[in-house]
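What follows is a short report on a single structure.
The values are calculated or read from the model by the stated rules, or taken from the named source; none is laboratory data. This structure is a prediction, so every number in the text was calculated from the model and none was measured. All Cβ positions, glycine included, derive from the backbone under ideal geometry; neighbour counts span all protein chains shown. The protein model used for the area step is the full one, side chains on, heavy atoms only, and it has no ligands, DNA or RNA in it. Shrake-Rupley method; radii C 1.70, N 1.55, O 1.52, S 1.80 Å.
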Amino acid sequence: MWEETDFISNIIKLNIGAPLYTAPSESNSLIYNPLSFLLTYAIAWPVGLTKSVVGLRSIQLVYVCFAALLATVCCGKLRRMAFPQREIQNGGLWAILAFLAMFLAATSPYVNRFVHTLHVDALSLLISVISFWAMLRYAEKATIGNLVFMAACPAVGFLTKQFLISWIGVMLVFLLLLDPKNLKRLGMFFLLSSGFTLIAFLLCYAVWGDNYIFWTVEVMGGERKAIVFSPDSYSISISRGIDHVARAWPEIFVGVIGAWFLLRWGEVRKVGPLVAAWVVLLATEGFSSGAGWSVLYHFGPAILIGAILIFAVLPQVWERASGEIRSVPRVV
């Protein structure tokens, strides 16, 4: 109820033409950025579902299904990048198995507990997978177009959930490790990603004014402006973050196993920066989870991307164990 009530309130506002962010005295606005509400309404309106809770929830599951599908595509892309001279058998069967596993990770009752409800997490999950896919595209082909696409992802994430701005740091680490000498490209990405995010922020401010600042900055930040160790504080607590990492460890460890095999057997120059970026994402989610109690759902994107890591390498593990590895000639 704590989330769905306000989500439905925003849908009602869109139905009647009221602003999403109203005066603080009305106490009738949500602390998250507006993209999830706007996109959900845009999908629901043509099919007459703007007054159906079931329909609105179903749209969140559509986001989850697309996230699982794109994660499956990322599995194949990452596998080919890590093992360019190896061909797997029964690729279609592996793809089906990967999709089912991705959907399972995307709907984990612990770390993705709100994706089937009216919450911003379903769209946040999809945008996070798109961000990882963007990094894979850039690792395959380092073009300006792919860099711009990658730089736009944190801004879209920010418009959905403010914590997703951390993708700027994740992608900076990825670019630095991918090509340490190309500082010009690194600076270009930082300027582009920061600029896109600033434009997104200013656009929201232009539409909703100071009310937007109050709900999404002042209330979202609230007393969580300091970093402390004590678990009893309303500030960001390091000890709470550590506790959340420990509680989410079974799901996190799946990605750790995948990362270890990728680094051991794969093309380290290509997959190493992606693995490092995943670790940074996990660290940022652990940090942000320290803002509250039992907020394991902050780990959702990293858990799904960790599942990508292990399913990218699992066919190689299986075929090594059964002695069925086949090599293919490198295309020059």
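On average over all directions, what projected area in square nanometres does the stretch 247-312 have, based on the convex hull of its Cα atoms? Here the figure is 4.0 nm², rounded to one decimal.
Here the spin labels are modelled as points 7 Å beyond Cα on the Cα-Cβ line, and at Ile238 and Asn90 they lie 4.8 nm apart. Positive end of the dipole of the chain (Cβ unit charges, origin at the Cα centre): among Tyr21, Pro315, Ser131, the Cα lying farthest that way belongs to Pro315.
Out of (1) 0.99; (2) 1.33; (3) 1.16, which label holds the value of Rg/Rh (Cα atoms, Kirkwood Rh) that was computed here? Looking at Rg/Rh (Cα atoms, Kirkwood Rh) for this model, the match is (1). Taking the Cα centre of the stretch 1-119 as origin and assigning +1 to Lys and Arg Cβ atoms and -1 to Asp and Glu Cβ atoms, the resulting dipole is close to 460 debye. Placing unit charges on the Cβ atoms only, positive for Lys and Arg and negative for Asp and Glu, gives the chain a dipole magnitude near 1180 debye about its Cα centre. Per the Debye calculation on the stretch 62-152 with a single equal scatterer at every Cα and no solvent contribution, log₁₀ I(q)/I(0) for q = 0.17 Å⁻¹ amounts to -0.80.
Distance between the modelled labels on Lys184 and Val53, one decimal in nanometres: 5.8 nm (7 Å Cα→Cβ projection). Membrane-span-like helices in the chain, defined purely by DSSP H runs whose alpha carbon atoms cover 20 Å or more axially and whose average Kyte-Doolittle hydropathy reaches -0.5, are 53-82, 91-106, 121-140, 144-160, 183-208, 249-265, 268-289, 300-322. Ranked by solvent-accessible area (1.4 Å probe, protein heavy atoms only, all chains present), the residues Trp94, Trp293, Trp215, Trp133 order from largest to smallest as Trp293, Trp133, Trp94, Trp215.
Taking Cα centre as origin and charging only the Cβ of basic (Lys, Arg, +1) and acidic (Asp, Glu, -1) residues, the dipole magnitude of the stretch 81-164 rounds to 80 debye. Relative contact order of the chain, please, whole-number percent, based on alpha carbon pairs below 8 angstrom and at least 6 residues apart. Relative contact order comes out at 24 percent.
Counting protein heavy atoms only, the chain has 69 percent of its accessible area on carbon and sulfur, 1.4 angstrom probe.
With the simple model of a label 7 Å out from the Cα in the direction of the Cβ, Ile144 to Glu3 spans 4.0 nm. In the full protein context, the stretch 29-181 carries 40 Å² of accessible surface per residue, based on a 1.4 Å probe and ignoring ligands, DNA and RNA. Of the residues Tyr297, Tyr110, the one with the largest accessible area comes first in the ranking Tyr110, Tyr297, computed with a 1.4 Å probe on protein heavy atoms. Using all alpha carbons of the stretch 76-129, what is the percent of pairwise distances in each 10 Å bin, ordered from the shortest bin to the longest? Calculated P(r), rounded to whole percents: 21, 39, 26, 13, 1. The C-alpha radius of gyration of the stretch 20-106, expressed as a fraction of 2.2 N^0.38 Å, stands at 1.60.
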